[in-house]
Each structure stands twice: as C-alpha cells, then as structure tokens.
There are 2 protein chains.
Amino acid sequence: MKFNRSIVLKRRPRGIPALEDFELRTASLRPLEEAEILLEHLFLSIDPAIRGWMADKKSYLPPIALGEPIRSGTLSRIAESRDPRFPVGTLVQAIAAWEERSIVRGEAIMGEIKRIPGIPLAAHLSVLGGNGLTAYFGLFEIGRPQPGETVVITAAAGGVGMVASQLAKIHGARVIGIAGGEEKKRFLLEDLGLDCAIDYKNEDVNAALKAAAPRGIDVFFDSVGGELLEIGLARLALRGRIVLCGAISQIHEETPPAGPRNYVQLLAKRGRMEGFVTLDYAKRYDEARAILADHIRSGALVHRDEIVSGLEHTPQHFLRLFDGSHRGKLMVQLQPSGEEIDDNDRS
Amino acid sequence: MKFNRSIVLKRRPRGIPALEDFELRTASLRPLEEAEILLEHLFLSIDPAIRGWMADKKSYLPPIALGEPIRSGTLSRIAESRDPRFPVGTLVQAIAAWEERSIVRGEAIMGEIKRIPGIPLAAHLSVLGGNGLTAYFGLFEIGRPQPGETVVITAAAGGVGMVASQLAKIHGARVIGIAGGEEKKRFLLEDLGLDCAIDYKNEDVNAALKAAAPRGIDVFFDSVGGELLEIGLARLALRGRIVLCGAISQIHEETPPAGPRNYVQLLAKRGRMEGFVTLDYAKRYDEARAILADHIRSGALVHRDEIVSGLEHTPQHFLRLFDGSHRGKLMVQLQPSGEEIDDNDRS
C-alpha cells in the first residue's frame, strides 16, 4: 500500500501565516476511481494566491477546507490514470496540493509540459508556468502597452513581476519596476535591464515616479495594492490602464482596508482598472509558452527561481513570500519516487 | 454699450455649496476679437460636474478661477461672430458660463442644435444634450450591456440616470434603478417603467440587490460612489463592468474619503471599472442625438426637466442637486434679448 505525505491547513491564519497554521500528515493512498488521475509531484509552486485560498472567503476558487492539503500549482508526472485523455508518464502542470501525490480529475490539469531543451524543468513551472502566463496575459490582454508607453510594475522582483517587466521591455515600452530594498533595485536594473527601478522601502515612490514618468503611467501592473495603487492612480496618464494582478499588501487582512481613495482619477483620466484570472486563458497557454520560450532562448528574458528540496520545508519557504527576502519564483522540489513506503515498514 | 450679468465664484465651497459662494456681477461687454463668438444663452445646464470644477483641483478641465463666472453647459444663440465657421443666428450647445452672454472661441461650441420638431427646445440641452449624451456613451461604450443582462443605475432619477436607465431598458436589459425616497422610486417604476427600483434611504440596498439580481450585476452605472459603489462591486457578476460616471457622494469632500475597500472584487470577478468623459465622443454626438430623438418620438424615452427662469435664481436651483429634491434635469431659462441696457440708463 502506498502512503502519501501532505501539508494540510491546520488553522486559518490571522494576518501573516505562521508555521503553526500547517501540519504534515501521512495517510494511505486510496485506489483511483473512474476518470481519476494520480499525480506524482516533482515541483510545488509557491504563490501569493495560496494565502488568499487559505482565508474563509469566496473567490474564483473555493477556500481550502480545514484539515485539507494546501492547494497549489504543481509540476507533476502522471503515475496512474483512469482518464484516457491523460496517459501515464506525461509531465503536466496542474492545480493540486502540497503533497507528494494527488488524486485529481482532468479539469485540474492545466496542460501538458512539453519540455523545452536547454530550459530547466523547474522553469516550466515558473517563467513558463503560472507566473509567466499570468504576466503574459495580464500585460498583453489587460494592460495592452504600446511601444514607447510607460509601464510600471509593482513587486517587480517577484515571480510574476520579473516576467511582466521584461515582457514589457521586449515589447518596446519604458519600464519602471518597484520593489523593496537596495538589493532588489540592483537586480531590476542590472539583471533585468529595466529603465528605472524604485526602492519603495527607502524612496518616496510618488516623487520618484513623477520624476521618472513626467507624462504619467500608461500601464500600471499591480500585485501589491494599498498605497502603491493609490500612487499609481494619482500618476495615471490619460487613458491609462491598471492591471489588477493581486493585492499582496492586504492579503492577510480579515476585513479589507480602505480602498484607493482616489479611484475617481479613473473618471477624469478616462482610466480603466481591470482584473483577470489566468485560468481563463487556458486555451492560449501553448501560444504564450512558445513566445516565452523564444525570449528565454534568445536571452531577452531571464528568470530566477529559488528552490528548496523536501515537502517538509514547504511552509517555511512559503512564509518567505511575505518577509520580502525572495527574488523571483519560490518552488519546492520533491522526489516522490523515493517515497514509497511498504505497509509492513510502518508497523 | 451692452452690459452682461454673470454669476461668479466668490469663494470656493467647503462641503456642500452655499448661496454665499456665488455673487451676481454686472459688467460691460467688450467688443469681440478675431475668431471670437458672442453667445446669448437661452438655457443654462445645472450639473453635478460644476461642483467639481468649483474645487481647486486638477481635472479634465481646469478649476473655475475665483471671481470668474461659473462654467456651465449652455444652449445659446450666436449673437455675433468673428469665426466664419459659426454664423450669427445659429443655435448651439456650448461650454460657457452662468451669465447672460459669453464671449467664447470655437472650441467651446459642442455642436449646432438642429431643432427636432415636437421636442421642446430645453430638451435639446437635457435628454438630447450633455445628459443624454453622457448616458448614451457611458452605457454603450463603457458598460456595453447585452440584451438580457442586468444593469443597475445609481442616481437613476437624475438627469443622466433617467436616460441611462431607459436606454438600457430599450436595449433589452433588465434594469434596476437606485434613488432616494418613495416618490422617486414610484417615478422609476411607473414613469420610466424600470424592472425594479430601490429606495436607498429606506431599504437595505445590498439585500434588495441580492434579491433582485441573484446572478449578479453585469453593468453598474455609477454616479454616486461611496457605499453604493462598494455594494455594486460586491454584487458584480463575472466579467461585470462598472461605469464611472460620477461620484456625487464625495464631490464635496476636500480630501476624498476611503475608496471602495472591496476593489479586489474586480480581480476574482474579472471585472472592469472604467471612467469616461463625454467630450471625447464629440464626433459622434449627431449619431447619438438622432437615436435619442427617435426614442423620444416613439415614446420609449421619456424625460423630465425642472426649469426656473432668471439668472439670479441659478445658484439656488444648483443647490437642489445636493438636497435630493429634484427628479430629472435642472435648467435655468434666460431671456438675454430683453436685457440690453443702454449706457445712458445707468448714469
């Protein structure tokens, strides 16, 4: 009999999550039913969206139930399958959970991973995975920058932000990245080659944006919310667009804080503020991945992943999302094939 | 020599404007310079936007300067002209001021009024003027309702709201109007024929909307802001659109109040919140007016104007915008041709 280790939601976090909100659980794995698929996870994707799913709030996906494994993007191998559309051995990107193996149905599988030579497998979950796809569709479908326009990206050193910044740059926009700390600022300027970077921890963002974008912001790609969003609205150019990608500044709040008090800027500026959910573009993932892969191969799009090994380290790695210490994408690597435990070993 | 009476901005209002913010001034009228036009106003348009222009804030038009006449939409006759594009005698709609006559340049003229038989002249400034055009372009260019969708209009008994409500209804949408008081509610249901009306002064708007639109709001046409906008966001349907037409609930605030705390609803709902300025659609005014006129003639679009006579009553009539007492469009009628004063009469 196979065992499976999972990180489950032990209690709902209040504010910033703590290690005590999670629990490592070992359970036996039941046999598959008709139309089910067994995934063995190779990488878990650590994303801010997970914090949203941990709250008891309705969103585009239901909240994670107490005692259930933490929902997560994964890069997985199909180990068993009772759905003929998904053959054993296929590598896929899925919405599964922080565990070694998950039993899912076909709708959880976001697409086959056609491994691109010369690109590390993990990158298929970051720059070629949810982060890259979110950056791609948010920027081009919602923000729609024109060459020569000014694009501002918040959380620009994060998993989505670093891709969005570079895509905007490749597209011919002037790109200003906002991130916290000298080190991240250097990363944006030197490693990503952005036109300008603002360290929100040590600079007056409004003044810096006024100087860097005197004619205003055409596209404000926002994953942060709060005060940064208000500054973005205040400095929006005529017909500017605000891409709502996330609101990590308020993701921990039980009751959301006051909204952008200057939202009426959208009126005089003929502005647009629009949200999106990457899953809606599933039919176009392959198109976007092909473009992203081209940019990686040409060297125009660089990426940076921070990977730790071992399921048990997942909660700690997740908490790094909220302490401002990471650059690029956080992932956990698993070796499920080494984890098979014989029932007899347990007694 | 001709004299001209104007209502000027004596002091900037704090909060809700008061009569003391205005002053009636009489001055002589200077001769026209090259490219100037003298307008004699027949009707002044009383709109919430004027309150915005009275504040010392940058917007899509500069603030009204202290001591200057109050900027306003007008329905006017060209009395003299040194711009050959605008011949004497033409009736026009213009952005001029609360005064008997204004000297303007061509860019102040929003279009010739081609009087439509059977429709009162004043209606060319309301349902066929700025209000009707704002309702038309806001609804169809920004909100884009589909037949069968649910459209919610705030300030539905106001000059813009009553037109937007009826246009949405004619277009085949289910229309819910929000207004204050039993009398306005009756007006929305009986006179405008809306599907549902909510009296925000006496009803729980969120509960009423939940009952009236259980599948959510597809288009929220908002002229109010504040708490009503938060309810609109909360009850937005998937891919819902919020048309930002105004924010009369906060138009008097020096510092804008907290914004919609649930703006992140736009994210999960893939929603869009977008502002617009009617002036941007100037090239399409004739197209919109022809459609509006057809609906008036067919009886599908009813309108209601509240008109007083005499420039001196303008400030008082304007204040009615903010006490909730009016239904439909407020206007002031002038008789400039009777106001010529000979210089000798003055001495």
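The values are calculated or read from the model by the stated rules, or taken from the named source; none is laboratory data. Computed from a predicted structure; not experimentally measured. We place every Cβ from the backbone using ideal geometry, glycine too, and count neighbours over all the protein chains shown.
Determine whether B:V151 is touching a residue at least 12 places away in the same chain (Cβ under 8 Å) and over 18 Å from B:E274 (Cα atoms).
Judged against the criteria, B:V151 is not a match.
From the residues in the stretch B:245-255 that are crowded, with 18+ Cβ neighbours inside 10 Å and not hydroxyl-bearing (S, T, Y), which one is farthest from the other protein chains (Cβ to nearest Cβ)?
Among them, the one singled out is B:I248.
I'd like the full set of residues that are more than 22 Å from A:D286 (Cβ to Cβ) and crowded, with 20+ Cβ neighbours inside 10 Å, limited to the stretch A:67-78. Talk me through it step by step, then tell me what you get.
Filtering the stretch A:67-78 for residues more than 22 Å from A:D286 (Cβ to Cβ) gives A:67-72.
Passing the criteria: A:P69, A:I70, A:R71, A:S72.
What about B:A79, is it in the same structural domain as B:Q333 (by TED's automatic domain parsing), outside any loop (DSSP other than H, G, I, E, B) and in contact with a helix residue (DSSP H, G or I) (Cβ under 7 Å, 6 or more places away or on another chain)?
It is false that B:A79 is in the same structural domain as B:Q333 (by TED's automatic domain parsing), outside any loop (DSSP other than H, G, I, E, B) and in contact with a helix residue (DSSP H, G or I) (Cβ under 7 Å, 6 or more places away or on another chain).
Considering each of A:L209, A:L236 in turn, give the residue that is in contact with a helix residue (DSSP H, G or I) (Cβ under 9 Å, 6 or more places away or on another chain) and over 25 Å from B:A268 (Cβ atoms).
Numbers: A:L236 fails: over 25 Å from B:A268 (Cβ atoms).
None of the others qualify; the one that does is A:L209.
Please go through the stretch A:14-41 and pick out each residue that is closer than 15 Å to A:H252 by Cβ and buried (at least 17 other Cβ atoms within 10 Å of the Cβ).
A:P17, A:D21 - these are the residues of the stretch A:14-41 that are closer than 15 Å to A:H252 by Cβ and buried (at least 17 other Cβ atoms within 10 Å of the Cβ).
Regarding the stretch B:312-322, can at least one residue be identified that is within 16 Å of the chain's Cα centre (by Cα) and within 14 Å of chain A (Cβ to nearest Cβ)?
No, because not a single residue in the stretch B:312-322 is within 16 Å of the chain's Cα centre (by Cα) and within 14 Å of chain A (Cβ to nearest Cβ).
Quick test for you: out of B:I307, B:I296, pick the one residue that is in a helix (DSSP H, G or I), of a type outside the set (D, E), away from chain A (no Cβ under 13 Å) and within 23 Å of B:D47 (Cβ to Cβ).
Exactly one residue qualifies, and that residue is B:I296.
So which of B:I113, B:I142, B:I64, B:I103 ends up being within 20 Å of B:D280 (Cβ to Cβ) and either in contact with a strand residue (DSSP E or B) (Cβ under 8 Å, 6 or more places away or on another chain) or modelled with pLDDT under 90 (or both)?
One residue alone meets the criteria, B:I142.
Name the residues in the stretch B:175-203 that are out of contact with any helix residue (DSSP H, G or I) (no Cβ under 9 Å at 6 or more places or on another chain), exposed (fewer than 14 other Cβ atoms within 10 Å of the Cβ) and more than 16 Å from B:V302 (Cβ to Cβ), would you?
The answer is B:E182, B:E183.
If we only count strands (runs of 3 or more DSSP E) wholly inside the stretch A:90-152, which ones have 1 or more residues that are crowded, with 24+ Cβ neighbours inside 10 Å?
Where strands (runs of 3 or more DSSP E) fall fully within the stretch A:90-152 and carry at least 1 residues being crowded, with 24+ Cβ neighbours inside 10 Å, they are A:91-97, A:101-105.
Give the number of residues within the stretch B:220-249 that are part of a helix (DSSP H, G or I) and acidic (D, E).
Of the residues in the stretch B:220-249, 2 are part of a helix (DSSP H, G or I) and acidic (D, E).
Would you mind telling me which numbered condition in (1) within 13 Å of chain B (Cβ to nearest Cβ); (2) buried (at least 20 other Cβ atoms within 10 Å of the Cβ) A:Y285 fails?
Answer for A:Y285: the failing condition is (1).
Just to be sure before I move on: is A:D286 modelled with pLDDT under 90, part of a helix (DSSP H, G or I) and out of contact with any helix residue (DSSP H, G or I) (no Cβ under 9 Å at 6 or more places or on another chain) in the structure I sent? Steps first, answer last, please.
On the way: modelled with pLDDT under 90: yes; part of a helix (DSSP H, G or I): yes; out of contact with any helix residue (DSSP H, G or I) (no Cβ under 9 Å at 6 or more places or on another chain): yes.
So A:D286 fits the description; yes.
Scan A:Y136, A:Y200 and give me the residue that is more than 17 Å from the chain's Cα centre (by Cα), of a type in the set (F, W, Y), modelled with pLDDT of 95 or more and not assigned by TED's automatic domain parsing to the domain that holds A:S72.
A:Y200
Test A:H326 against the stated conditions and say whether it is at pLDDT below 90 and out of contact with any Leu (no Cβ under 8 Å at 6 or more places or on another chain).
yes
For the stretch A:320-340, what are the residues that are crowded, with 18+ Cβ neighbours inside 10 Å and more than 18 Å from A:S102 (Cα to Cα)?
A:L321, A:H326, A:R327, A:G328, A:K329, A:L330
Identify all residues within the stretch B:53-93 that are within 14 Å of chain A (Cβ to nearest Cβ), touching a residue at least 24 places away in the same chain (Cβ under 8 Å) and hydroxyl-bearing (S, T, Y); write none if there are none.
Correct list: B:Y60 only.
Spot the failing condition for A:L279; the list is (1) farther than 25 Å from B:E253 by Cβ; (2) more than 8 Å from chain B (Cβ to nearest Cβ); (3) not in a helix (DSSP H, G or I), and only one is missed.
(3)
Looking for something under 22 Å from A:P48 (Cβ atoms) and without any contact (Cβ under 8 Å) to a residue 40 or more places away in the chain - is there at least one such residue anywhere in the stretch A:209-226?
Within the stretch A:209-226, the subset under 22 Å from A:P48 (Cβ atoms) is A:219-226.
Now restrict to residues that are without any contact (Cβ under 8 Å) to a residue 40 or more places away in the chain: A:225-226.
Yes; the residues of the stretch A:209-226 include at least one that is under 22 Å from A:P48 (Cβ atoms) and without any contact (Cβ under 8 Å) to a residue 40 or more places away in the chain.
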